[in-house]
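Contents: one structure, followed by commentary.
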Amino acid sequence: VKYLNAYTGTALLRCRKDSHRLLCSALPLVRLLESRGQRFPCALRTLHVGGTIRSCQKFLIQYNRRELLTLLQNCTNEGERAIQQSVLSCSLTEEPSQSGDEDDDDDTD
């Protein structure tokens, strides 16, 4: 497990390239997760299979954006609408790529 988010119920699993089909076929068969003597019912499904962790992270960002927009469209009361307006007023921008040609000058002297 490379990444786990309990709030969204998302996990990023890493395995060797030659065994990804075995992992994908085994995941739907898992019905319980056990931790510290407690059992938690679950249903696991594959959302994406990628060649690199970075490509999987990019997919998760896009997937979570789509899910957030879907949830925001279903707002029903005034409190949810206020949250919807706050989120929609934010701009989600991509981070600039780090090519190593960045200036290290700091203009906050």
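The values are calculated or read from the model by the stated rules, or taken from the named source; none is laboratory data. Treat the numbers as computed from the prediction; the structure is a model and nothing was measured. In this analysis, Cβ positions are derived from the backbone assuming ideal geometry, glycine residues included, and neighbour counts consider all displayed protein chains. To get the accessible areas, we keep the full protein, side chains included, count just its heavy atoms, and leave off ligands, DNA and RNA. Shrake-Rupley method; radii C 1.70, N 1.55, O 1.52, S 1.80 Å.
Accessible-area rank, largest first, for Thr52, Thr10: Thr52, Thr10, with all protein chains present and a 1.4 angstrom probe. Excluding ligands, DNA and RNA, the accessible surface per residue across segment 1-46 is 95 Å² with a 1.4 Å probe. For Tyr3, the residues whose modelled amide H falls within less than 5 Å of its own, excluding neighbours fewer than 5 places apart on the same chain, are Leu12. The 1.4 Å probe gives accessible areas that order Cys15, Cys90, Cys75, largest first, as Cys90, Cys15, Cys75.
Sequence-ordered 3J(HN,Hα) estimates for segment 17-24 from the Karplus curve with 6.51, -1.76 and 1.60 and θ = phi - 60° stand at 4, 6, 10, 5, 5, 5, 4, 4 Hz, glycine and proline given as x. Computed with a 1.4 Å probe on the full set of protein chains, the accessible area for Ile83 sits at about 100 Å².
Rg and Dmax of segment 1-46, based on Cα coordinates, read 11.6, 33 Å. Rolling a 1.4 Å probe over the protein heavy atoms leaves Phe40 with an accessible area of roughly 100 Å². Answer with one residue from Leu23, Leu4, Pro41: the one whose Cα lies farthest towards the positive end of the charge dipole of segment 1-46, charges on Cβ with Lys, Arg +1 and Asp, Glu -1. Positive-most Cα among the choices belongs to Leu23.
Ligands, DNA and RNA aside, Glu80 has an accessible area near 70 Å² when probed at 1.4 Å.
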